[in-house]
Amino acid sequence: MSSIFAVKELELKKKALAAESEVYREMLKLEVRNLGLYYNYLKVKTSKAPFRLLKFVTPLAGLLARRRKPKTPRLITTALLGWQVYNRVLPLCRAMFASRGKRIERFEVESEPRVSHI
C-alpha cells in the first residue's frame with residue numbers, strides 16, 4: 001500500500017517539476033526578449049555622432065592609460081626558461097641525430113654490392 005502512495009507522490013513531484021521548468025523557460029524567453037529590446041535601444045541611442053566617436057576613443061584611452069610593467073624581470077625569466085629548455089632538449093637532439101648518423105653509416109655499409117658465390 002505504501003508503494004502506491006510513493007508512486008503517486010513521485011508522479012506529483014514530477015508534474016510540479018515540469019510546471020516549474022515551464023515557468024523558468026517562459027521567464028528565460030522574456031529575459032532574452034528584454035535583452036534584444038535593450039540592445040536595439042542602445043544601438044539607436046549611441047548612433048549619434050558623439051557616441052560614435054566615443055566608441056573609438058574609449059579603447060584607445062584604455063591602451064594609453066594602461067600601466068606599463070618593467071620588462072627586465074620578464075626578460076630575465078624568459079631567458080632563464082629558454083636556457084632550461086635548451087639544456088633539456090639538446091641531449092635529445094644529439095641522441096636523435098647521432099642515431100640517425102649511425103643509420104646512415106649502416107646503410108652505406110650495407111649498400112655495397114654483395115658478391116654472391118654461385
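Read-outs throughout are calculated quantities, based only on the coordinates presented, and are distinct from any laboratory measurement. All values derive from a computational prediction rather than experimental measurement. Methodologically, a virtual Cβ is constructed for each residue, glycine included, from the backbone with ideal geometry; neighbour enumeration extends over all protein chains shown.
Spin-label pair residue 87-residue 3: with each label point 7 Å from Cα along the Cα-Cβ axis, the two points sit 7.2 nm from one another.
Across region 88-96, computed HN-Hα scalar couplings (Karplus, 6.51 cos²θ - 1.76 cosθ + 1.60, θ = phi - 60°) run 7, 7, 4, x, 5, 5, 4, 5, 5 Hz from first to last residue, x flagging Gly and Pro.
Note on residue 61 and residue 24: their simple-model spin labels are 4.1 nm apart, each label 7 Å out from Cα toward Cβ. The stretch between residue 32 and residue 80, if pulled fully straight at 0.36 nm per residue, gains 12.2 nm over its current Cα-Cα span. FRET efficiency for the residue 11 to residue 46 pair, using the beta carbon distance and R₀ = 35 Å, is estimated at 0.10.
Placing +1 on the Cβ of every Lys and Arg and -1 on the Cβ of every Asp and Glu, with no other charges, gives region 1-66 a dipole of roughly 560 debye about its Cα centre.
Computed from phi, the 3J(HN,Hα) profile of region 17-27 under the Karplus parametrisation 6.51, -1.76, 1.60 (θ = phi - 60°) reads 5, 5, 5, 5, 4, 5, 4, 5, 4, 5, 5 Hz, with x in place of Gly and Pro.
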